[in-house]
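The numbers here are math on the coordinates, done by the rules we state, and not lab data. These numbers come from a predicted model, not from an experiment. Cβ placement follows ideal geometry from the backbone for every residue including glycine, while neighbour counts extend to all protein chains displayed.
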């Protein structure tokens, strides 16, 4: 990685020679190396948290005479995705002149993968969607760990993964939804940026852009970081010798190619929907307006918050408000901690879209689920805290996550 790339990252945590020239103590037979044990522990904790959540949902579903598989694989947006996987695009629900819900609002990567899995395995589309989401959630957890370990060490990385598994809305990671897939592509794309693998970063960002509407946040982070990197390298070319300058100039093409790849997934689908709707530039956004979703710089959300504070409403709304408020605080802490540029840019776009968008206020915590860099400040705080305090925090978060997640899926009767 070039010298300028190190400006974007915190120091790594790879161990150097033992101080004083002492030979490191050999690893015991049968013990996993640290490069394997660290991720294995984090992924094990993540799996334990999510499997416990599934068990709670299954128990509540049994007690209330509901079908667990249907709740997990065919709830709300899951039905739209499995419908696209089974029949393609073209389904529309009309509830009035201004409320037209078209399946074109849903990006194509996830239903395409669901169709492929259902074609290969002897399972239905709902089961295929669940398998994909669970595998993507595991891949995302590994990506979070890789970023956390590179920036702050194994302990912080493990806490980062555990906190993500115990968010109030982490039950979404167990449903046939697209957030796990987006987070997996986002985490590994950002890791590729941090390690100077620009073509990988751009390709993964393009896939993220095909997964969800807010997937363009990954492309924005790649492009913003690439612009910074290009500016730094151009300045270096002017200052160093000619031969080395050619090498740096050659590497500019890799950075530029990664940045060019990054927005292609999101832009191609938006353009496709626009052409299909007869308005290439605005057609997709008209589809979103039919769902009641638009970016109004938070005006609609502010009106709803005023109603919520004055009149109250169902439990999911005040919880959503608290989650958004805490996310804004965590973003401020992320900035104060001087996080790397790609993480800041990615998180800033997700937070801006969530806070500035109107419609489906109850879904805002789900929209923030891929914004995992928000959890870096509390993960670092846990590395400095006493073990007793950490255990209390983890137990409290686990209780909230399991109880609220079960309530959302089995009782709330509200869109996630």
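Numbers below:
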{"item": "Extended-chain gain in nm, criterion 0.36 nm per residue less alpha-carbon gap, residue 385 and residue 279", "result": "32.7 nm"}
{"item": "Whole-angstrom gap from segment 313-330 to segment 127-161, using each part's C-alpha centre", "result": "24"}
{"item": "Shape category assigned to the chain from the gyration tensor of Cα positions, a/c cut at 1.5", "result": "oblate"}
{"item": "Overall form of segment 276-416 per C-alpha gyration tensor (a/c, 1.5; a/b vs b/c)", "result": "oblate"}
{"item": "Share of pairwise Cα separations in segment 307-357, more than 12 Å, in percent", "result": "68"}
{"item": "For peptides 318-327, 197-206, 60-69, sequence by mean Cβ density within 10 Å, most packed first", "result": "197-206, 318-327, 60-69"}
{"item": "Stretch gain in nm, segment residue 325-residue 257, where the contour uses 0.36 nm per residue and the Cα spacing is subtracted", "result": "20.8 nm"}
{"item": "FRET efficiency for residue 271 and residue 95, using Cβ-Cβ distance with R0 set to 30 Å, rounded to 0.05", "result": "0.65"}
{"item": "Residue 135 versus residue 62: modelled label distance in nm, points set 7 Å from Cα along the beta carbon direction", "result": "2.9"}
{"item": "Inter-site label distance for residue 297 and residue 403 at 7 Å from Cα along Cβ, in nm", "result": "4.0"}
{"item": "Distance between modelled label sites at residue 414 and residue 396, nm, 7 Å Cα→Cβ extension", "result": "2.3"}
